[in-house]
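The values are calculated or read from the model by the stated rules, or taken from the named source; none is laboratory data. These figures come from a predicted structure and were not determined experimentally. Ideal geometry is used to build each Cβ from the backbone, glycine not excepted, and the neighbour counts take in all protein chains shown.
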Amino acid sequence: MSNKAKARTKGPVIAIDGPAGAGKSTVAKAIAAMFGLRYVSTGHFYRAVALKALRLGVDLTSAESLTALAESTGISVSQNERGDLRTLLDGEDVTDSLVSPEVEACVSEVAKVPGVRLALLEQQRSLLREGGVVMDGRDIGTVVAPDADLKIFLVATHEERVRRRLAQARERGHEVCDGAVADGVAHRDRIDSEREVAPLRPAPDAVVIDTTGKAPEETIAEVARLVAWATGDRSLSPVSSRVKGERACYT
């Protein structure tokens, strides 16, 4: 029996990757709710380590220090009744702190460290063992879950992704300027694509979807059709055509 067939007996694993602002979280969360699957964002793991490093004053330029920090950090994720992802850092719910401008500014520097990625990889893979999960990130289809039942890679133009990031930050009450956000997205793209370990790229068998100019509902519907087709399981028909409380914006 193939690895994918074995995984399917436990429920499908859906991998959704892409750069910042492409719509990963919006789509992954909606697909998980539609098909009754768990939702996990590996970005929360790296953000949690970045937050801890900031709190402890760890040198963000020291790969050795960041690796040691990641190796000694316990991270767990769960969903509340609304399906929102909650992240515990050493037992503390730090979800709201993970989207602060300070964490946003340094998370890619933390995530590019090979030792940090290795330290968090097993924690991430442990969430796949029971199957039935939609996981988003930047290396799910290539590293974390190379045998996923379906691999999606979302893209969008730089301008579109900057616009979404600006809207997201302002909705959260953060004071940001257009130029700083544009520079931040470009900087993160560069780090993500050029890092030595697990650079951002689509898996050879990933379905690439451009979300530029598309409403979230349109992308979600497209991915939902792919999920139903890839699993070939009628029991995985969407439980609803629209997720309750879904908002017409990417996050």
What's the number of the condition ARG82 fails, among (1) surrounded by fewer than 16 Cβ atoms within 10 Å (Cβ to Cβ); (2) of a type outside the set (Gly, Ala, Ser); (3) in a helix (DSSP H, G or I)? (3)
Which number in (1) modelled with pLDDT of 85 or more; (2) more than 15 Å from the chain's Cα centre (by Cα); (3) not hydrophobic (A, V, I, L, M, F, W, C) marks the one condition that ARG170 misses? (1)
Quick count over the range 175-184, residues being more than 15 Å from ALA20 (Cβ to Cβ) and of a type outside the set (D, E, K, R), is 2
So, in the range 56-75, how many residues would count as being farther than 21 Å from SER41 by Cβ and of a type outside the set (Asp, Glu)? 11
Look through ALA32, ALA20, ALA70 and report the one residue that is under 20 Å from the mean Cα position of the chain (by Cα) and within 20 Å of PRO146 (Cα to Cα). ALA32
Selection status of ARG82, touching a residue at least 40 places away in the same chain (Cβ under 8 Å) and out of contact with any Ser or Thr (no Cβ under 7 Å at 6 or more places or on another chain): yes
In the range 97-124, residue nearest to SER62 (Cα to Cα) [restricted to those that are crowded, with 16+ Cβ neighbours inside 10 Å and of a type in the set (Asp, Glu)]: GLU109
Residue under evaluation ALA228, criteria (1) touching a strand residue (DSSP E or B) at 6+ places or on another chain (Cβ under 8 Å); (2) without any contact (Cβ under 8 Å) to a residue 24 or more places away in the chain, criterion not met: (1)
Regarding VAL110, is this residue in contact (Cβ under 8 Å) with a residue 12 or more places away in the chain and either under 19 Å from LEU200 (Cβ atoms) or in contact with a strand residue (DSSP E or B) (Cβ under 7 Å, 6 or more places away or on another chain) (or both)? yes
Residue within the range 65-78 that is without any contact (Cβ under 8 Å) to a residue 12 or more places away in the chain and within 19 Å of LYS24 (Cα to Cα) present: yes
Taking into account only those residues within the range 200-225 that are in a loop (DSSP other than H, G, I, E, B) and without any contact (Cβ under 8 Å) to a residue 24 or more places away in the chain, which is farthest from MET34 (Cα to Cα)? PRO204
Conditions (1) touching a helix residue (DSSP H, G or I) at 6+ places or on another chain (Cβ under 6 Å); (2) within 30 Å of GLY131 (Cα to Cα); number of the one not met by ALA145: (1)
Candidate set from the range 173-197 (those that are touching a Lys or Arg at 6+ places or on another chain (Cβ under 6 Å) and part of a loop (DSSP other than H, G, I, E, B)); member that is surrounded by the most Cβ atoms within 10 Å (Cβ to Cβ): ARG195
Is there a residue in the range 53-69 that is assigned to a helix (DSSP H, G or I) and either closer than 22 Å to PHE153 by Cα or touching a strand residue (DSSP E or B) at 6+ places or on another chain (Cβ under 6 Å) (or both)? no
Determine, yes or no, whether ALA48 is over 24 Å from VAL197 (Cα atoms), within 16 Å of the chain's Cα centre (by Cα) and not in a loop (DSSP other than H, G, I, E, B). no
Which residue is farthest from TRP229 (Cα to Cα), if the candidates are limited to the range 144-172 and must be out of contact with any Lys or Arg (no Cβ under 7 Å at 6 or more places or on another chain) and in a loop (DSSP other than H, G, I, E, B)? ARG172
